[in-house]
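As structure tokens, the structure follows; a few thoughts come after it.
Readers should treat all values here as calculations from the given coordinates under stated rules, not as data from a laboratory. In this text the structure is predicted, and so the values were computed from the model without any measurement. Methodologically, a virtual Cβ is constructed for each residue, glycine included, from the backbone with ideal geometry; neighbour enumeration extends over all protein chains shown.
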């Protein structure tokens, strides 16, 4: 999936086609799909545009700017690097130690320099959070566009019961929660986390209970391995997201990841697999029942030479334990549709 960005393009080049790495999926009526109403959902377009706009404003307001710096290892880093290249600004991306080579290579291909760091909360801002919130905006619009005509004639307004969001620093979760609350208050937004993040306890206490200094969790999902969410995003999540958090083990993330590869023909990383597994298997005890569920597939930065269900390892290098290992039990997949509502 690609999206055209006409607002920013590099001098001397034709209109740019830039990768849009964030997609939506929905689980409804026992089907998992990314098509609604005959068209693909290009989620992440406005998030990338908001990132580009920030860089463009920096160039406009500070013509002698020495460049831009951001901290990320995934989609946001690539968007900033791309935008900086387009306006001729140097870009440095602060990347967590042990980040997968496939992510580092993608960032550098857009012209950015990399600096590796120890664990630290992401320094988000309200503009980026708002851009990430358009994931929910476009997802909810897609559901309405894709509604059957007979439903509309009967006065049934298409909607979602829940949206699941894999969480790292919390910018995406905060933005999606605010937009869903404003546009469809009955739609519950749930975080999906790796083992050890302990977000639910913090939300219930409305306190940041994580130990100091920040740490990386040893998980196959490198994009959500930061244990704590950011100071800016935490109060937003407390107010607008459901305080129930779904915790998914590494082997279950890989099950969800493989299901998307096989059934939806989409390349997604382990963090996206966490959301899919939670939607299929962990929502059944929620009351009222969530029958129409949106899942944010938050990234597709995958090293295809190290697929976890083939090698039981990932290219993520843990600073303390080395290569992440997937338990042997992940080879037993079971029925991927077992948890869907009949």
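Scattering from segment 173-239 was approximated by placing one identical point on each alpha carbon and applying the Debye formula without solvent; log10 I(q)/I(0) at 0.23 1/Å stands at -1.06. The residues 289, 197, when put in order of fewest to most other Cβ atoms within 10 Å, stand as 289, 197.
When N counts the residues of segment 48-117, how does its alpha-carbon radius of gyration compare numerically with 2.2 N^0.38 Å, as a ratio? Walk me through the intermediate numbers first.
Working: Rg = 11.4 Å, N = 70, 2.2 N^0.38 = 11.1 Å.
Against the empirical 2.2 N^0.38 Å value, I get 1.03 for segment 48-117.
Each Cα pair under 8 Å and six or more residues apart adds its sequence gap; the mean of these over the residue count of segment 146-285 is a relative contact order of 26 percent.
Residues 298, 202 in ascending order of nearby Cβ atoms (within 10 Å, fewest first): 202, 298.
The tail of the calculated P(r) for segment 203-249 beyond 15 Å holds 53 percent of all Cα-Cα pairs. Annotation: the residues 204, 193, 64, sorted from fewest to most other C-beta atoms within 10 Å of their own C-beta, follow the order 64, 204, 193.
For segment 205-314, averaging the sequence separation of C-alpha pairs within contact (under 8 Å, six or more residues apart) and dividing by the residue count gives a relative contact order of 21 percent.
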